[in-house]
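The values are calculated or read from the model by the stated rules, or taken from the named source; none is laboratory data. Since the structure is predicted, the reported quantities are computational estimates derived from the model, not experimental observations. Every residue, glycine among them, receives a Cβ derived from its backbone with ideal geometry; neighbour counts consider all protein chains shown.
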Amino acid sequence: MHKIRQLPDRLVNQIAAGEVVERPASALKELAENALDAGAAKLTITLKSGGIEEITVRDDGRGMDADEMTLAVRRHATSKLPEDSLAEIKSLGFRGEALPSMGAVARLSITSVTAGAPHAWQLVVDAGVPRGPEPAALANGSVISVTQLFKAVPARLKFLKTERTEQGQCLDVIKRLAMAWPHVAFHLTADQRVLLDLPAALPDAAGQQRRIGSIMGRGFADEAIMLDAMREQIHLTGFAGLPTMNRPTTAHMFLFVNGRPIHDRSLLGAIRAGYGDTLPRGRHPMTVLFITLPSADVDVNVHPAKAEVRFKDAAAVRSLLVGALSAQLRDASITATADNGADALRRFALDNQPASYLSAGRPAAYSAAPLAPSAELRQAAAELQRPLSNDHLLAGHAPAAPVVAPLTDDERHRHGQLGAARAQLHKTYIVAETDDGVTIIDQHAAHERLVMEQMKADLAGSGIRAQQLLLPEVVSMPDHYCAAIADASDWLTKMGLVVDGFGEGAVVVRAVPALLGTPDVNRLVTDIAEELVEFGDSHSLDDRINHILATVSCHGSVRAGRSLNAAEMNALLRDMEVTPRSGQCNHGRPTWVKLSLADIEKLFGRR
């Protein structure tokens, strides 16, 4: 065993670089954050070979003089603690190790000038060996370059991904910073190709929306729900995409604390909880959320790469996220994203192009005979000629919200958000006419949501009314299914489902929720047991209750394949318009799509 000894600074810096500089993107993040902390109004970034060969950041911030530059490449030197206090860090954070760590594993070049100085200074650190500072030419700000990353520790190069992947990580870093700093211009070039060019915007809500639209897409910025909520001294702002605007990963969930991009699993979980049952399983929302709170209430320096923070009151932050998102999504109610309609139009256009159009790349002369109406359409049209009945779609069921009585005036129907029902296709889809287009509604998905929202309201009030079965029904299931039902029997009873044990491998059902009418009891209880076993204790009680409610309401909703008359269809549309979250079914799928008249006219070459 060798004696304990003090490690040389060069080796210490290389060890520190393992935490601070994991890949080109982490080096770029440190340089860009330093530029922003220096008051830069514009950042110009150049990458070569995904940042492995070169990362250069040019800014117009306050710059450094020769003495500051010399200190900047030493460990634990920073300008971000003017009062030597770790209690209130108002910058993007610091480690005091970023620049020396880069200089230890690569070639670091710093050129900088302060306002009023006769000339700039340049300092170079090559694999831990400093040279300078020496006089140099620069108009303003700083230019910092990191070249040949990991040249001093080549073993780390094998852990990097492809140049394209590393470039994508660098682009993601700059996009995140650009969202939080809309008043700063960003220009990113990779191998002489412009990847990002964002002019500065006004530091207000409109400017932030424009910046986010430039990064996330205009569709997101225009349709996302705007958030502005406060609890005590915690302020939440930003944009939450509609539930139908979801993605398979969390890559489009952006979260910022006091202007700092962070990745916190518990907060991402809180965002997901705020969406509740409006998201499909395994899908994630698109969000850009900003949390602002006093700097004394958050520690931004707990992570080597500054990707995580620690809150003084984490529960309050999570509660604000869940509550604000849930409330805004409830208020958004029936809203659905235009992406669904646009996607439908694209598919329709592709599926109906003549072969000559697809092969030659241009429209063919129209010579086909007009399509005859399908039998389904003829049947729907004939059905609509019958006098409207007064039967309500939800007859025998409590409505999901205060009932808007079925209207007999066709014009008033058309003025509704979902329009007037014109036909039922394949006994599954309702086609309705609005003032400016057409809506297509999935009758089962829509009614499923109506039933669930009514059950939620009943559960929060006096409880869901149970309907006693004339003859209790015995359901045979595997033992672990029966055990799961027994463990949940108390809150299943509150949902109107009364189930008792019935020996080994069976339970007896004595009552079902009255809203369901006469469901398939065997299938209903088996589906609930399967849900309970799958989720186990991995989800909160609220999550489990919502999943069970979704399963129960699915069994009580209007099924695909049931014919509806005009009054029933219009009653469903009117109930949707006043029911929270009716834009998505209980499984997160859209309940309706809209095709604007303008888009339909384009489809047929009228525009």
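Yes or no: region 465-474 includes at least one residue that is touching a Cys at 6+ places or on another chain (Cβ under 6 Å) and within 16 Å of Leu549 (Cα to Cα). Full working, then the answer.
Of the residues in region 465-474, the ones touching a Cys at 6+ places or on another chain (Cβ under 6 Å) are none.
No - not one qualifying residue is present in region 465-474.
If the Cβ limit is 8 Å and pairs must be 6+ apart or interchain, which residue in region 526-551 that is under 22 Å from Ser476 (Cα atoms) pairs with which residue that is loosely packed, with under 15 Cβ neighbours inside 10 Å and at pLDDT 75 or above?
Matching pairs, first to second residue: Leu532/Asp487; Val533/His480.
Restricting to region 475-509, count the residues that are exposed (fewer than 13 other Cβ atoms within 10 Å of the Cβ) and either within 37 Å of the chain's Cα centre (by Cα) or among the aliphatic types (A, V, I, L, M) (or both).
So the count comes out to 3.
If a residue must be at negative phi and either small (Gly, Ala, Ser) or modelled with pLDDT under 85 (or both), how many such residues does region 505-519 contain? Please lay out each step first, then the result.
As a first pass, look at region 505-519 and keep what is at negative phi: 506-516, 518-519.
Okay, now just the ones that are also either small (Gly, Ala, Ser) or modelled with pLDDT under 85 (or both), so 506, 511, 514-516, 518-519.
Qualifying residue count for the region: 7.
Could you tell me whether Ala201 is in contact with a Gly (Cβ under 8 Å, 6 or more places away or on another chain), buried (at least 21 other Cβ atoms within 10 Å of the Cβ), among the hydrophobic types (A, V, I, L, M, F, W, C) and within 21 Å of Thr44 (Cα to Cα)?
On the way: in contact with a Gly (Cβ under 8 Å, 6 or more places away or on another chain): yes; buried (at least 21 other Cβ atoms within 10 Å of the Cβ): no; among the hydrophobic types (A, V, I, L, M, F, W, C): yes; within 21 Å of Thr44 (Cα to Cα): yes.
Criteria not met by Ala201.
Inside region 510-525, can you point out the residues that are of a type in the set (A, V, I, L, M, F, W, C) and either crowded, with 19+ Cβ neighbours inside 10 Å or not assigned by TED's automatic domain parsing to the domain that holds Ser553 (or both)?
Filtering region 510-525 for residues of a type in the set (A, V, I, L, M, F, W, C) gives 511-512, 514-516, 521, 524-525.
Val512, Leu515, Leu516, Val521, Leu524, Val525 - these are the residues of region 510-525 that are of a type in the set (A, V, I, L, M, F, W, C) and either crowded, with 19+ Cβ neighbours inside 10 Å or not assigned by TED's automatic domain parsing to the domain that holds Ser553 (or both).
Would you confirm, using the coordinates I've provided, whether Arg211 is assigned to a helix (DSSP H, G or I) and in contact with a Leu (Cβ under 8 Å, 6 or more places away or on another chain)? Before the answer, list the steps.
Numbers: assigned to a helix (DSSP H, G or I): yes; in contact with a Leu (Cβ under 8 Å, 6 or more places away or on another chain): yes.
Considered against the rule, which asks whether it is assigned to a helix (DSSP H, G or I) and in contact with a Leu (Cβ under 8 Å, 6 or more places away or on another chain), Arg211 comes out as yes.
Within region 67-77, take every residue that is among the aliphatic types (A, V, I, L, M) and surrounded by fewer than 18 Cβ atoms within 10 Å (Cβ to Cβ) and give me the one that is modelled with the highest pLDDT.
From region 67-77, those among the aliphatic types (A, V, I, L, M) are 69, 71-73, 77; that's our starting set.
Those left that are additionally surrounded by fewer than 18 Cβ atoms within 10 Å (Cβ to Cβ): 71, 77.
Working: Leu71: 86, Ala77: 63.
For region 67-77, the residue satisfying everything is Leu71.
Taking the stated definitions as given, is Gly168 surrounded by fewer than 18 Cβ atoms within 10 Å (Cβ to Cβ), outside the structural domain of Leu289 (by TED's automatic domain parsing), out of contact with any strand residue (DSSP E or B) (no Cβ under 8 Å at 6 or more places or on another chain) and under 14 Å from Leu47 (Cα atoms)? Spell out how you get there, then give the answer.
Numbers: surrounded by fewer than 18 Cβ atoms within 10 Å (Cβ to Cβ): yes; outside the structural domain of Leu289 (by TED's automatic domain parsing): yes; out of contact with any strand residue (DSSP E or B) (no Cβ under 8 Å at 6 or more places or on another chain): yes; under 14 Å from Leu47 (Cα atoms): yes.
For Gly168, the condition - surrounded by fewer than 18 Cβ atoms within 10 Å (Cβ to Cβ), outside the structural domain of Leu289 (by TED's automatic domain parsing), out of contact with any strand residue (DSSP E or B) (no Cβ under 8 Å at 6 or more places or on another chain) and under 14 Å from Leu47 (Cα atoms) - is met.
Pairs only if they're at least six apart or on different chains, beta carbon under 6 angstrom, first in region 447-475 and more than 30 Å from Leu329 (Cα to Cα), second assigned to a helix (DSSP H, G or I) and among the hydrophobic types (A, V, I, L, M, F, W, C); list them, first residue then second.
Gln467/Ala514; Glu473/Val521; Val475/Val525
If a residue has to be in a strand (DSSP E or B) and in contact (Cβ under 8 Å) with a residue 40 or more places away in the chain to count, how many in region 133-162 make the cut? Talk me through it step by step, then tell me what you get.
Step one: of region 133-162, the residues in a strand (DSSP E or B) are 133-136, 142-147.
Among the residues that remain, those that are also in contact (Cβ under 8 Å) with a residue 40 or more places away in the chain are: 133, 142-147.
Within region 133-162, residues that are in a strand (DSSP E or B) and in contact (Cβ under 8 Å) with a residue 40 or more places away in the chain number 7.
For (1) at pLDDT below 80; (2) closer than 18 Å to Ala152 by Cα, each residue gets a yes or a no:
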{"position": "Ala35", "(1), (2)": "no, no"}
{"position": "Leu47", "(1), (2)": "no, no"}
{"position": "Ile55", "(1), (2)": "no, yes"}
{"position": "Asp65", "(1), (2)": "no, no"}
{"position": "Asp84", "(1), (2)": "yes, no"}
{"position": "Gly96", "(1), (2)": "yes, no"}
{"position": "Met102", "(1), (2)": "no, yes"}
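When Lys175 is evaluated against the numbered criteria (1) in contact with a Ser or Thr (Cβ under 8 Å, 6 or more places away or on another chain); (2) buried (at least 18 other Cβ atoms within 10 Å of the Cβ), which criterion, by number, is the only one it fails?
Going through (1) in contact with a Ser or Thr (Cβ under 8 Å, 6 or more places away or on another chain); (2) buried (at least 18 other Cβ atoms within 10 Å of the Cβ) one by one, Lys175 breaks only (1).
Inside region 234-256, can you point out the residues that are modelled with pLDDT of 90 or more and either closer than 22 Å to Gln169 by Cα or among the polar types (S, T, N, Q) (or both)?
Thr237, Met253, Phe254, Leu255, Phe256
Examine region 546-565 for a residue that is modelled with pLDDT of 85 or more, touching a Ser or Thr at 6+ places or on another chain (Cβ under 7 Å), in the same structural domain as His444 (by TED's automatic domain parsing) and not β-branched (Val, Ile, Thr), and state whether such a residue exists.
Among the residues of region 546-565, at least one is modelled with pLDDT of 85 or more, touching a Ser or Thr at 6+ places or on another chain (Cβ under 7 Å), in the same structural domain as His444 (by TED's automatic domain parsing) and not β-branched (Val, Ile, Thr), which makes the answer yes.
Taking region 25-46, which residues are touching a strand residue (DSSP E or B) at 6+ places or on another chain (Cβ under 7 Å) and not hydrophobic (A, V, I, L, M, F, W, C)?
Lys42, Thr44, Thr46
Which of (1) at positive phi; (2) modelled with pLDDT under 70 is the odd one out, the single condition Gly39 does not satisfy?
(2)
Of the residues that sit in region 292-302 and are modelled with pLDDT of 85 or more and out of contact with any Phe, Trp or Tyr (no Cβ under 7 Å at 6 or more places or on another chain), which one is farthest from Asp331 (Cα to Cα)?
Checking each candidate, the answer is Pro294.
Leu196 versus (1) at pLDDT 85 or above; (2) on the phi < 0 side of the Ramachandran plot; (3) buried (at least 20 other Cβ atoms within 10 Å of the Cβ): which is the lone unmet condition?
Against the list (1) at pLDDT 85 or above; (2) on the phi < 0 side of the Ramachandran plot; (3) buried (at least 20 other Cβ atoms within 10 Å of the Cβ), Leu196 comes up short only on (3).
Considering only region 172-210, state which residues are under 18 Å from Glu33 (Cα atoms) and within 18 Å of the chain's Cα centre (by Cα).
Asp172, Val173, Lys175, Arg176, Leu177, Ala178, Met179, Ala180
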